[in-house]
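The values are calculated or read from the model by the stated rules, or taken from the named source; none is laboratory data. Note that the structure is predicted; figures quoted are calculated from it, not measured. Here the Cβ is made from the backbone with ideal geometry for all residues, glycine too, and neighbour counts use every protein chain on show. Heads up: the accessible areas ignore ligands, DNA and RNA and are worked out on the full protein's heavy atoms, side chains in. Shrake-Rupley method; radii C 1.70, N 1.55, O 1.52, S 1.80 Å.
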Amino acid sequence: MRSRWKPAVTVAAVIERDGRFLLVEERTPEGLKLNQPAGHLERGEGLLEACVREVLEETAHAFTPQYLLGVYLARTEAARGAETYLRFAFGGELGARLPQRLDRGIVRTLWLTADELRTRSAQHRSVLVMRCVEDYLAGRRFPLDLIAVDPSALGAPRPHPSPPPQAGEGVKRSALLPALEPQSVSPPPLAGEG
């Protein structure tokens, strides 16, 4: 039986402060690369929760998603082979620094302007790094309620048959999200910032 092809589902956070974008420099099989805080959707979590988790793991900061920036499909050629990614990019507020070590492979966080990022395109982890920044600069913003997560996707049993969800139903937000409201004061510098 042939296996069905599936893209890798990822999330990314596009975080801007004073004209600079938060990026991570990470070790990859192709060398040091720049990326937004980003990573794979894990079993049992929704897209928003995945994005909050990835920002925490890669920057040691809380993050509150406020809007969907876009949904992107791209193929990346890498040393380990070609991979197709389906990326959900979110914009929002960076919160407080939390007592968290950076993920393995993350060398440092840094803030770059769009122009600085454009000049370093050879270091981008994928073509989506700059595409997400350009969409942010173009003012693309979509409401978070565009995304619905059925509880069955999170591992919750679902009775059969069930009626379709009504407007506003079925969206699960982690208990972590309300605790990550934006701070009214500027967060301290990021760990490893250069």
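Of the residues His61, His40, His124, ranked by 1.4 Å probe accessible area with the largest first, the sequence reads His40, His124, His61.
When N is the residue count of segment 7-56, what does its C-alpha Rg come to as a fraction of 2.2 N^0.38 Å?
It is 1.24.
Protein heavy-atom accessible surface, 1.4 Å probe, per residue over segment 100-155: 59 Å².
How large is Rg/Rh for segment 1-106, to two decimals, with Cα atoms and a Kirkwood Rh? Over the Cα atoms of segment 1-106, Rg/Rh equals 0.98.
Computed over segment 40-160, relative contact order equals 30 percent, with contacts defined as Cα pairs under 8 Å that lie 6+ residues apart. Shown here for segment 13-74: trypsin sites (Lys or Arg not before Pro) in loop regions (DSSP other than H, G, I, E, B) with at most 11 other Cβ atoms within 10 Å, namely Arg43. Placing unit charges on the Cβ atoms of the charged side chains and taking the dipole of segment 48-140 about its Cα centre, the candidate lying farthest along the positive direction among Ser121, Leu86, Gln66 is Ser121. Taking GluC sites (Glu not before Pro) across segment 1-35, the ones in a DSSP loop with at most 14 further Cβ atoms lying within 10 angstrom of their Cβ are Glu30. For the set Asp18, Asp150, Asp115, the ranking by accessible area, highest first and with no ligand, DNA or RNA atoms included, is Asp18, Asp115, Asp150 under a 1.4 Å probe.
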